1. Counting only residues that are buried (at least 20 other Cβ atoms within 10 Å of the Cβ), part of a strand (DSSP E or B) and of a type in the set (Ser, Thr, Tyr), how many does the stretch 95-120 have?
2. Quick one: Phe230 ticks every box in (1) on the phi > 0 side of the Ramachandran plot; (2) buried (at least 23 other Cβ atoms within 10 Å of the Cβ) except a single one, so which number is it?
3. Only one of (1) surrounded by 16 or more Cβ atoms within 10 Å (Cβ to Cβ); (2) over 18 Å from the mean Cα position of the chain (by Cα) is not met by Ile196, so which one is it?
4. Please specify each residue of the stretch 154-183 satisfying the condition of being aliphatic (A, V, I, L, M), farther than 14 Å from Ala122 by Cβ and either assigned to a strand (DSSP E or B) or in contact with a Leu (Cβ under 9 Å, 6 or more places away or on another chain) (or both).
5. Is it true that Gly249 is under 28 Å from Val38 (Cβ atoms), at pLDDT below 95 and not hydrophobic (A, V, I, L, M, F, W, C)?
6. Name every residue in the stretch 84-94 that is touching a His at 6+ places or on another chain (Cβ under 7 Å) and assigned to a loop (DSSP other than H, G, I, E, B), in order of residue number.
7. Please go through the stretch 38-55 and give me each residue that is touching a Ser or Thr at 6+ places or on another chain (Cβ under 6 Å) and within 27 Å of Ala108 (Cα to Cα), ordered by number.
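The values are calculated or read from the model by the stated rules, or taken from the named source; none is laboratory data. All figures in this text were calculated on a predicted structure; none of them were measured in a lab. We place every Cβ from the backbone using ideal geometry, glycine too, and count neighbours over all the protein chains shown.
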Amino acid sequence: MSRSHRIAVLAGASASAAALAATMAVPAQAAGSSGWRVFYRHHYGAAANYSGYFALVAPARDDAWAFGAANAALRTPPVAVHWNGSHWSPARLPGGLASGIGGGSASARNNVWYTSQLGQYALRWNGRKWSVAKRWTGTGELTGVIALSPDNVWVFGGGGYIGGLGTWHYNGHSWTKFGGVANGIEGGSALSASSIWATGSIHSPGDSLAHYNGTRWSRVSAPALKNAQFNDIVAVSRGNVWAVGEPAGSITSGLVVHWDGRRWRKIAVPWQVQPRSVISDGQGGLWMTASSGSSGPGQVSWVLHRSKSGRWTRTRISTGAPRGPQ
């Protein structure tokens, strides 16, 4: 699916998910205060620019990268900032590039990857500098990347709404395109090189889930997964996988499904919100970004938390003082 919506960047216990109005925030547990607070904010270019950060990867506590665009609606140069444990600073990317973020991933400090959304390229940080790892020809989106090691990287270009570049694998020397079920994959979460869960598309963006067993990709089917549009997935363990989205065609309801190692089942969300991204909180629970209301000025962005015991809380994220958990 197109990654044109803004999602919040959660910088803290886990690493992925992204930013509202080019802002990063940390949870209260990390900040030592109630609610959420702004951790870093920067607006790029003219005041009317739609600038923001759209992906965050953190190989270590003192090493994190946030990726975004100066104006996501135009094919302007991408932007990146780096966290060294004490402050954020702008990063120098190769020149001559355009387009906003499609995805980001890291397996180590010296193996960080970034894919453009519409620019048809993938970048790699080797610990010293950023370089173009691959350029694709033609048109289409890149929607995600998973870096397992320097010689095991997956780049996804799901169909989205304008067409995708397909699924590609890098073995450290060459790139191979995967077809069939893999062709519509948009992004995923890896437990290992032989167990990767992903969101994909058959007839419309995000309408399916897929799994890689080290040899081939296969479609995941279950009653709980029917008639859904999935926005994100996180694999915590072999018996603990979560996917979030909304029922197909809904603009108000949210959908959360869970794999316990035997079956998929739906998990009730206590509010009329649509989850956009999900990560583990490192303690058996989940952080999610979500939105409610119609798109535009009236849309509200939220950070949701589901504890290991199943208790839900939410925090409204706004440009003013955020409201506390409810």
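1. Final tally of qualifying residues: 4.
2. (1)
3. Result: Ile196 passes all but (2).
4. From the stretch 154-183, those aliphatic (A, V, I, L, M) are 155, 162, 165, 181-182; that's our starting set.
Then keep just the ones that are farther than 14 Å from Ala122 by Cβ; that gives 162, 181-182.
The one that is aliphatic (A, V, I, L, M), farther than 14 Å from Ala122 by Cβ and either assigned to a strand (DSSP E or B) or in contact with a Leu (Cβ under 9 Å, 6 or more places away or on another chain) (or both): Ile162.
5. The answer is no for Gly249.
6. Across the stretch 84-94, the qualifying residue is only Ala91.
7. Of the stretch 38-55, the ones touching a Ser or Thr at 6+ places or on another chain (Cβ under 6 Å) are 38, 41, 43-44.
Answer for the stretch 38-55, where residues must be touching a Ser or Thr at 6+ places or on another chain (Cβ under 6 Å) and within 27 Å of Ala108 (Cα to Cα): Val38, Arg41.
Here's the yes/no breakdown for (1) of a type in the set (Val, Ile, Thr); (2) within 16 Å of the chain's Cα centre (by Cα):
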{"site": "Gln120", "(1), (2)": "no, no"}
{"site": "Trp125", "(1), (2)": "no, no"}
{"site": "Lys129", "(1), (2)": "no, no"}
{"site": "Val132", "(1), (2)": "yes, no"}
{"site": "Glu141", "(1), (2)": "no, yes"}
{"site": "Gly144", "(1), (2)": "no, yes"}
{"site": "Pro150", "(1), (2)": "no, no"}
{"site": "Phe156", "(1), (2)": "no, yes"}
{"site": "Thr176", "(1), (2)": "yes, no"}
